[in-house]
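Please treat every number below as a calculation from the coordinates, not as lab data. Keep in mind the model is a prediction, meaning the values are calculated, not measured. Reconstructed Cβ throughout: ideal geometry from the backbone, glycine too, with neighbour counts over all protein chains shown.
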Ligand SMILES: NC(=O)c1ccc[n+]([C@@H]2O[C@H](COP(=O)([O-])OP(=O)(O)OC[C@H]3O[C@@H](n4cnc5c(N)ncnc54)[C@H](OP(=O)(O)O)[C@@H]3O)[C@@H](O)[C@H]2O)c1
């Protein structure tokens, strides 16, 4: 069966990805910062391997990559991410938080992609999916504000585009996806889309991915988004 590695798999979209892919019979490498407290993830049945991974910690990324050396990973999902609702507007900016967000939302996914590149390259499907956001679309920004999150996801989009080009020789498909506004801790209870529906649509999208999707920015329903 194919295998998947997910970052931030203890809650939200990451947990639902682990649940649904495991139910489909995939081998799931589910990573999270605190496995000891990941009760919901531990309750997921199937071929689920739990690993400690804080994507802000290069040493943890390299240790895990060493541990999984030689194991093909068909689908690498860079899901872990953070946002902030305060101290992100003009005149009231938390620059330390901004640096932290860039480390988690931009440098973390890049480091994970670099570290597990040999695993993905050795697999059948060869897909890297990056959870981006429409909030990171420059064309779509009609309301301003949200400097920290918007800039981090815009930077992530650029990382995905360069990776997509650099990895053409390895025939790896790199795609940035917007999961929809989904009901998670980040999305809040006000979000219109159930996390199950978002992830189910993301899985269908993954099944449809072809080489021409490499380096694209896609909505969870497969629709192309403007950068
Ligand atoms: N939900 C939405 O409506 C929405 C919309 C657009 C984009 N997205 C994107 O989709 C992704 C998942 O969002 P979500 O809604 O599931 O968010 P969430 O419910 O807040 O979950 C975020 C996950 O990321 C993990 N995480 C945070 N910092 C980490 C770090 N340094 N290392 C490893 N894991 C870390 C969290 O782990 P802890 O439990 O340890 O904090 C948690 O598992 C994010 O990249 C987000 O930006 C979400």
- [ ] Round to the nearest 10 and give me the degree value, 0 to 90, for the angle of helix 12-23's Cα axis relative to the longest principal axis of the chain.
- [x] 20 degrees
Task: Ranked list, fewest to most other Cβ atoms within 10 Å of each Cβ, for 92, 221, 140 - done: 92, 221, 140
- [ ] Specify the angular offset, from 0 to 90 degrees and rounded to the nearest 10, of the alpha carbon long axis of helix 147-166 from the longest principal axis of the alpha carbons in the chain.
- [x] 40 degrees
- [ ] Report the label-to-label distance for residue 141 and residue 11 in nanometres (one decimal), using points 7 Å from each Cα along the Cα→Cβ vector.
- [x] 2.8 nm
Open item on the list: What does the C-alpha gyration tensor say about the overall shape of the stretch 118-227? Classify as rounded when a/c is under 1.5, otherwise prolate if a/b is larger than b/c, or oblate.
Closed with: oblate
Task: Highest average packing first - 183-193, 51-61, Cβ atoms within 10 Å - done: 51-61, 183-193
Task: Gained length - residue 89 relative to residue 189, 0.36 nm times residue gap less alpha-carbon distance - done: 33.7 nm
TODO: Compute the FRET efficiency between residue 71 and residue 23 as 1/(1 + (r/R0)^6), taking r as their Cβ-Cβ distance and R0 = 30 Å, and round to the nearest 0.05.
DONE: 0.90
Open item on the list: Between 0 and 90 degrees, rounded to the nearest ten: what's the tilt of helix 195-208 against the longest Cα principal axis of the chain?
Closed with: 60 degrees
Open item on the list: Cβ neighbours within 10 Å, averaged per peptide: list 158-169, 102-113 in order, most packed at the top.
Closed with: 102-113, 158-169
Task: Cα gyration tensor category, rounded, prolate or oblate, for the chain with a/c compared to 1.5 - done: rounded
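Can you tell me how much longer the chain between residue 100 and residue 158 gets when fully stretched, taken as 0.36 nm per residue apart minus their C-alpha distance, in nm with one decimal? Don't skip to the answer; put the middle values down first.
On the way: separation 58, 0.36 × 58 = 20.88 nm, distance 1.85 nm.
Gain in length upon complete extension: 19.0 nm.
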Open item on the list: So for the chain, averaging the separation of alpha carbon pairs under 8 Å that are six or more residues apart and normalising by length, what relative contact order in percent results?
Closed with: 18 percent
Task: Residue-averaged 222 nm ellipticity for the chain, from DSSP H runs of 4+ at -39500 (n - 2.57), nearest 500 - done: -11000 deg cm²/dmol
Open item on the list: Report for the stretch 3-219 the percent antiparallel among DSSP-assigned beta bridges with both residues inside it, nearest 5.
Closed with: 5 percent
TODO: For the stretch 112-175 and the stretch 1-80, compute the distance between their C-alpha centroids and round to whole Å.
DONE: 18 Å
